[in-house]
Amino acid sequence: MKATVFHEHGPPDVLKYEDFPDPEVGSNQILVDVKSVALNHLDLFVRKGIPGLNLEMPHILGSDISGVIKETGRDVTEEFQTGQKVIIDPGRSCGICEYCIRGQESLCADYGIIGEHYRGGYADLISVDTQNVLPIPEHSTLDFNQAAAAPLTFMTAWRMLMPKANVKPGDDVLIIGIGGAVAIAALQIAKLAGARVIVTSSSEEKLEKARDLGADLGINHRTNPEFHKEVWNLTNRRGVDIVVDSVGVATWEKSLRSLTKGGRLVTCGATSGPTVTTNLNLVFWKQLEILGSTMGSRSELRDVLKLVWTGKLKPVVDQVFPLSKAKDAHDLLERGEQFGKLVLNP
Ligand SMILES: [Zn+2]
């Protein structure tokens, strides 16, 4: 098969489109003919190298995969048939520890992500365990690019807003940095839950697109860097109930200052850097909650996908590239100019 691989960590041009052996199909595995694979920021971090993550080279990126079943292992049940359209749950865990038993697989010590800890979907074919294969329902009108854009971001945003921050009708939710796919998913989920949503971006164009997706208010944090003061004005000096911030050091303090008393800040990442200063007076006096969240459980992915398949939540695809041009897609994602997902087609 063809795959886009890297033999060493580094900048986007370490990505090479080349021949790679076809994956083997274990007895309880399914071979998927990859139709689309969506990029995540995770791909950039893995390509550059994550301390403590020792990969067998060459590595294949790609966590968000849609495709068609090409072959099933001998112990796979008849529920899965050749030709069936599927997406792949990117999470893998031990299945037997305390956290897995509780259905909190992303807390498992052995939790791993296809495309990060295991070879992923920047390839013609991928072989995955049956439990990671989710059929696309017949009634879904999503194409392969939209389907590939769904799992990781919607699962991540769902866990942040629903089980973690517990968004309710009438809540005010502030989403920092609209344009990234997790932020776009969070906007749609918060709106569906009945919240009023304020988004920030450095781009008027992205704010406009966010309004088209239902955002109630937008703040341009380039022209208005003290965005927390604008949040204060927009909420009648109350502050918001929930902030979704995966930017980190660049926005942390202002995000905390945007919260009302008893408000919740939920984070799933730190794209501008992870080491922040926190004024604890603010945290205890206003009784704030700081919530960390990573990926989601198998059941949370299934919960949010029900809304994706029925069209209540819509994966947003920005651009599609051939797999051989993965480098160009990485360049674009690093510049952060996209609104929604960048997708590769093998
Ligand atoms: Zn486990």
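One residue is enough: does the stretch 8-16 have a residue meeting the conditions within 25 Å of the chain's Cα centre (by Cα), surrounded by 16 or more Cβ atoms within 10 Å (Cβ to Cβ) and assigned to a strand (DSSP E or B)? So far as the stretch 8-16 goes, no, none of its residues is within 25 Å of the chain's Cα centre (by Cα), surrounded by 16 or more Cβ atoms within 10 Å (Cβ to Cβ) and assigned to a strand (DSSP E or B).
Considering only the stretch 111-130, I want to know if a residue exists there that is touching a Cys at 6+ places or on another chain (Cβ under 7 Å), within 23 Å of I60 (Cα to Cα) and hydrophobic (A, V, I, L, M, F, W, C). No, there is no match, as no residue in the stretch 111-130 is touching a Cys at 6+ places or on another chain (Cβ under 7 Å), within 23 Å of I60 (Cα to Cα) and hydrophobic (A, V, I, L, M, F, W, C). Residue count for the stretch 281-298 under the criterion of being touching a helix residue (DSSP H, G or I) at 6+ places or on another chain (Cβ under 9 Å) and more than 11 Å from K164 (Cβ to Cβ): the result is 7.
The residue that is modelled with the lowest pLDDT, among those in the stretch 166-187 that are buried (at least 23 other Cβ atoms within 10 Å of the Cβ) and part of a helix (DSSP H, G or I), is A181. All of D245, D303 fail the test of being closer than 15 Å to S106 by Cβ and either surrounded by fewer than 17 Cβ atoms within 10 Å (Cβ to Cβ) or in contact with a helix residue (DSSP H, G or I) (Cβ under 7 Å, 6 or more places away or on another chain) (or both), apart from D303. Only a single item in (1) under 27 Å from I136 (Cβ atoms); (2) in a strand (DSSP E or B) is not met by L42, and it is number (2).
Pairs meeting the criteria (first residue in the stretch 106-119 and touching a residue at least 60 places away in the same chain (Cβ under 8 Å) and farther than 9 Å from R92 by Cα, second residue within 16 Å of the ligand (Cβ to nearest atom) and part of a strand (DSSP E or B), beta carbons under 9 Å, at least 6 apart or on different chains) are H117/R92.
Against the numbered list (1) within 28 Å of M155 (Cα to Cα); (2) outside any strand (DSSP E or B), V34 comes up short only at (2).
Give the stretch 305-346 a look and list any residue that's of a type in the set (G, A, S) and assigned to a helix (DSSP H, G or I), or say none. Residues satisfying the conditions are S324, A326, A329. Among the numbered conditions (1) more than 16 Å from the ligand (Cβ to nearest atom); (2) more than 20 Å from the chain's Cα centre (by Cα); (3) acidic (D, E), the only one that D64 does not meet is (2). Screening W252 on (1) closer than 18 Å to A165 by Cβ; (2) touching a helix residue (DSSP H, G or I) at 6+ places or on another chain (Cβ under 8 Å) shows it passes everything except condition (2). Checked against the criterion of being in contact with a helix residue (DSSP H, G or I) (Cβ under 9 Å, 6 or more places away or on another chain) and surrounded by 13 or more Cβ atoms within 10 Å (Cβ to Cβ), the candidates V32, V25, V46, V76 yield just one match: V76.
The values are calculated or read from the model by the stated rules, or taken from the named source; none is laboratory data. Computed from a predicted model, the values in this text were never measured in an experiment. No Cβ is skipped: glycine too gets one built from the backbone with ideal geometry, and neighbour counts run over all protein chains shown.
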